[in-house]
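Okay, so here's the structure we're looking at.
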2 protein chains.
Amino acid sequence: MVIKMIDELRSKLGKNKVLTGQDVQERYSHIWTMDQPLAAKAVILPHSTEDVSMALKICHAHQQPVVVHGGLTNLVGGTKTLRHEIVIALEKMDRIEEIDPQSRTMTVQSGVILENIHQTAESENLLFPLSFGAKGSAQIGGVISANAGGLRVFRYGVTRQLVLGIEAVLADGTVINSLKKIIKDNSAYDLKQLFIGSEGTLGIITRAVLKLVEAPRSRTSAYVGINDYTQVISFLKFMDKSLAGTLSAFELIWKKTYHKMTTAGESNPPLPYDYEYYVLVETLGQNQTTDQHQLIALLEKAIDQKMILDAVPAQSKSDLDWFWKIREDVRVISASCTVDQHFDVSLPIPLIGDYAANTIATLEKMNGVNHCYTFGHMADGNIHLVIDKVDHSDQLRMAIDQVVYSPLQAMGGSISAEHGIGEHKKAYLKLSRSPEEIALMRRMKKMMDPLGILNMGKVL
Amino acid sequence: MVIKMIDELRSKLGKNKVLTGQDVQERYSHIWTMDQPLAAKAVILPHSTEDVSMALKICHAHQQPVVVHGGLTNLVGGTKTLRHEIVIALEKMDRIEEIDPQSRTMTVQSGVILENIHQTAESENLLFPLSFGAKGSAQIGGVISANAGGLRVFRYGVTRQLVLGIEAVLADGTVINSLKKIIKDNSAYDLKQLFIGSEGTLGIITRAVLKLVEAPRSRTSAYVGINDYTQVISFLKFMDKSLAGTLSAFELIWKKTYHKMTTAGESNPPLPYDYEYYVLVETLGQNQTTDQHQLIALLEKAIDQKMILDAVPAQSKSDLDWFWKIREDVRVISASCTVDQHFDVSLPIPLIGDYAANTIATLEKMNGVNHCYTFGHMADGNIHLVIDKVDHSDQLRMAIDQVVYSPLQAMGGSISAEHGIGEHKKAYLKLSRSPEEIALMRRMKKMMDPLGILNMGKVL
């Protein structure tokens, strides 16, 4: 039966597109576990939408579970693969089909690596604003499936806001082509929303039309010291209002995290360790000189008004690199941990200060926890926690989960702002979503994939 | 049977919430047909989500078709009601539950009128950016159901981008509460997307959390004259790039439309009738003086570069009102028509010039067509056409539909950029969406509303 299915896949797709045996074992299921050989029945490497459709038709007919592999950078076990599963890996679908500088769109296959999209956009003086640490490996299909966020969501939105069109293949091989490069389309249901953020459980994305923006010509940044969380909010509102559209990032780093980021790695601290909160602001504009003057004037005003206590603006390109390396190089934190455990929670902006303070206090009193590091996209209501703990035990992991997740429900928060649910957070989904919501999600899954072959056991 | 159901509704909801007989006939189904009494079995006026849920439970048990009424400003027959249907009208659910200046959110019941949302936001120096002509009547539930667009989509997005949370009631009365006021939530499927833009066919929206932005403190505008459509695109890119985030509107008006708008109504023309295209630009910023200087400097540069031929900036608040009245008061066009027929199409920005030229040429040669007026949200790829024709005949209407709609499919356009499908455009949906897409939409409808009682016969 299995042999027959593999034969059928080979004969319909071509032998080179269906890997088995040793060729499968030379692969892996996540960039962090490259040393562990992939266990899967086969790996299919489609070159086109037609290939994906054919592969799914055959798998569907055989009720064969399928796992979708992109750049394998997912943080929630979204690409974990079992021995009896077949992998569909999109890496050969890596073609940028069109860049249209007038429509300001790019049409890509789903296996294109995010960084290549950035470079192609830049070649036309355009910007695809979505960016995050794993941009050199992450494929756009996975980025869309995960509805990725990143550092400039405040200005440009999450992935969902940056995708104009999608082509996807349903579990039974049906191709849904909603690939228009128009900005507004109210011709009945917006089907692309089904595929964005559903982590490959409702269909496999094969192509997309991305929204680009005119590339900025200036960039300014500053670190700011504040002692009081309510002042952080005031400062956000003040900067957002005053900058009228050019504020592109507003990252918050708690004192202990800032200290670790600027001592454990190669970076020096731009500001002394005198403050409870460090804010890294960024503007993207068109004139470096006037934008820099404006930033400095605003920081001076904020100091005069006692909204902030100290500030240091980046004065050069190398300052910009220095400032951002501190924030972006989260590996410095992870590397300092005995064992690290990561979180990615979302909650209403006014509640972040108390939530973080209480969570840190509880965790750091807990047996087995060394430290709790907090930082994140505060203007998006999204903070990350990295817990330094003593071991990998399930008991400790779950005790920490409990402390981090349990207050969120009452606060109207979410257990995942941007990383998704995958396998790792399934047990906690009920803290973010009501039974009625989860029941409706199950009906959606059943409607889209009645046999349940797509990314089985993930998300729901 | 009917009497039993009405009795049940009355006993469960209270008599004052269930209108029948004369009370029904005193109502209407659209603000343009106030003289035509509403024909419906009953009108339910829920005061709460629980009321909507109870009403739908009862209707569902009786397989009773339901039509949702909001502000009745829909342009595609979305609130058309038949004698055997029951209306659920949201007007009593008009409470603004919370405005949170720190989260920059507003939580509202779905019957709140858009203009009240604007005013409440303003009272906290915030802005709900979505706006259009019918804001004094349109209710937010309908606005969201229609995924409305309007004049500032270029900067702030369509409704879909401005809704953080939704509570909706399914056909069987199940309440789906996804009402969080967080900006990022990747905890499984984003259910609110089901209800946004599905025109009330998948559930009745009862409450929403809206995203607000800091209110701008400056506003500038100008009319610009251009003869060549490719220069219109160049000018859009130039302004967008140079203004780095403050460009808020870029409206295009064709010569003939501009002439009519500035002769048939009360408004004088800000520029002479010398150009093929008139662009109305707007910026929203923080400093009136510097923003005005910047606008003028950019316009001068664009003239020097021969990108544009002429420009006149608004110099005062009354200029701003004058400039925008010309564009917004579309009734001037409609009133000049013998019979008017309206369109709202979407297509890739580079194709708009030729599409409009060819469509106008074909229509104006057609028997029964007097004039064709074109204008719209060019930066969103969305143009409106108003056809001045001689009669109401179906034959003429359909012949005009054919000319306007038939080129869109090959261009990757849409028959509806922002007004939706409703009843009026159902016959043409296949020109915007593939058979596979429509089949999937039908499965969605079936999954959400198996008995098909919600807004029956609309959209699909």
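Read-outs: derived from the displayed coordinates by stated rules, not from any lab. As the structure is a computational prediction, the values presented were derived from the model and not from experiment. Positions of Cβ are generated from backbone atoms using ideal geometry, with glycine treated the same way; all protein chains shown enter the neighbour counts.
Taking +1 at the Cβ of each Lys and Arg and -1 at the Cβ of each Asp and Glu, which of B:SER198, B:MET411, B:GLN341 sits farthest along the dipole of chain B towards its positive end, judged by Cα position relative to the Cα centre? The listed residue farthest towards the positive side: B:SER198. 3J(HN,Hα) along the range B:205-219: 6, 10, 8, 8, 9, 9, 8, 10, 10, 4, 5, x, 10, 9, 8 Hz, from the Karplus curve 6.51 cos²θ - 1.76 cosθ + 1.60 with θ = phi - 60°, whole Hz, x for Gly and Pro.
Taking every alpha-carbon pair under 8 Å whose residues sit at least 6 apart, the range A:2-89 reaches a relative contact order of 32 percent. With respect to chain B, whose longest principal axis is taken over its alpha-carbon atoms, helix B:49-61 is tilted by about 60°.
Net charge of the neighbourhood of B:SER267, taken over other residues with C-beta under 15 Å away and scored Lys/Arg +1, Asp/Glu -1, is -2. Amide H contacts under 5 Å for A:ILE205: A:VAL169, restricted to partners 5 or more places along the chain or on a different chain, H placed in the peptide plane at 1.01 Å from N. Checking the cross-link filter: which aspartates and glutamates have an alpha carbon closer than 17 Å to that of A:LYS17, excluding same-chain neighbours under 8 positions apart? Within the straight-line cut-off, A:LYS17 pairs with A:ASP7, A:GLU8, A:GLU26, A:GLU50, A:ASP51, A:GLU85, A:GLU91, A:ASP94.
When the charge dipole of the protein assembly as shown is built from unit charges on Cβ atoms (+1 for Lys and Arg, -1 for Asp and Glu) and taken about the Cα centre, the candidate among A:MET444, B:GLN139, A:GLY77 whose Cα reaches farthest toward its positive end is A:MET444. Over the range A:1-154, the reciprocal of the mean inverse Cα-Cα separation, the Kirkwood hydrodynamic radius, stands at 16.5 Å. Angle of helix B:435-448 to the longest C-alpha principal axis of chain B, folded into 0 to 90 degrees and rounded to 10: 40°.
Placing unit charges on the Cβ atoms only, positive for Lys and Arg and negative for Asp and Glu, gives the range B:196-258 a dipole magnitude near 140 debye about its Cα centre. The fraction of Cα-Cα pairs per 5 angstrom bin, counted from 0 for the range A:347-460, comes to 2, 10, 19, 20, 19, 13, 9, 5, 3, 0 percent, rounded to whole percents.
What the phi angles of the range B:15-29 give under the Karplus curve with 6.51, -1.76 and 1.60, with θ = phi - 60°, is a coupling list of 4, 5, 9, 10, 9, 9, x, 4, 4, 6, 5, 6, 9, 8, 10 Hz, glycine and proline written as x. Label-to-label distance, B:LYS4 versus A:GLU124, with points set 7 angstrom from Cα along the beta-carbon direction: 6.3 nm. Computed over the range A:256-377, relative contact order equals 32 percent, with contacts defined as Cα pairs under 8 Å that lie 6+ residues apart. 3J(HN,Hα) couplings calculated from phi for the range B:183-192 with the Karplus curve 6.51 cos²θ - 1.76 cosθ + 1.60 (θ = phi - 60°) are, in sequence order, 7, 10, 8, 10, 8, 6, 5, 8, 4, 4 Hz; Gly and Pro show x.
Using C-alpha pairs below 8 Å separated by at least 6 residues, the relative contact order for the range B:337-442 is 33 percent.
Restricted to Cα atoms, chain B shows a radius of gyration and a Dmax of 23.0, 76 angstrom. Taken over the range B:218-328, lysine pairs spaced eight or more positions apart, or on distinct chains, with alpha carbons under 18 Å apart number 8. With only the Cα atoms considered, the range A:2-89 has a convex hull volume of 88 Å³ per residue. Dipole check for the range A:2-89: with +1 at the C-beta of Lys and Arg, -1 at the C-beta of Asp and Glu, and the Cα centre as origin, the magnitude is about 180 Debye.
Given R0 = 45 Å, the distance between the Cβ atoms of A:GLU50 and A:ARG443 translates into a calculated FRET efficiency of 0.90.
Annotation for A:GLU26, label-to-label distances across the other copies: 8.1 nm (shortest first, one decimal, point 7 Å from Cα along Cα→Cβ). Where does helix B:352-365 land angle-wise versus the long Cα axis of chain B, in degrees 0 to 90, nearest 10? With rounding to tens, the tilt is 80 degrees. Seen from B:ASN125, the other residues with C-beta closer than 10 Å to its C-beta sum to a net charge of 0, counting Lys and Arg as +1 and Asp and Glu as -1. With kT/(6 pi eta Rh) evaluated at 37 °C and eta = 0.692 mPa s, and Rh the Kirkwood radius from Cα pairs, the range B:340-387 diffuses with a coefficient of 300 µm²/s according to Stokes-Einstein.
Between the residues B:HIS392, B:ALA168, A:PRO435, the greatest Cα displacement towards the positive end of the dipole of the protein assembly as shown, with unit charges on the Cβ of Lys, Arg, Asp and Glu, is found for A:PRO435. Annotation note: trypsin sites (Lys or Arg not before Pro) in the range B:63-169 located in DSSP loop regions with a Cβ neighbour count of at most 10 within 10 Å are B:ARG83. How far, in nm to one decimal, is B:PRO272 from itself in the other copies if the label point is set 7 angstrom along Cα toward Cβ? Shortest first, please. Counterpart label points of B:PRO272 in the remaining copies fall at 6.8 nm. Would you mind classifying the protein assembly as shown by shape? Square roots of the alpha carbon gyration tensor eigenvalues, ordered a ≥ b ≥ c; an a/c under 1.5 is rounded, otherwise it is prolate if a/b is larger than b/c and oblate if not. Verdict is rounded for the protein assembly as shown. About its Cα centre, the dipole of the protein assembly as shown is roughly 2000 debye, where the only charges are +1 on Lys and Arg Cβ and -1 on Asp and Glu Cβ.
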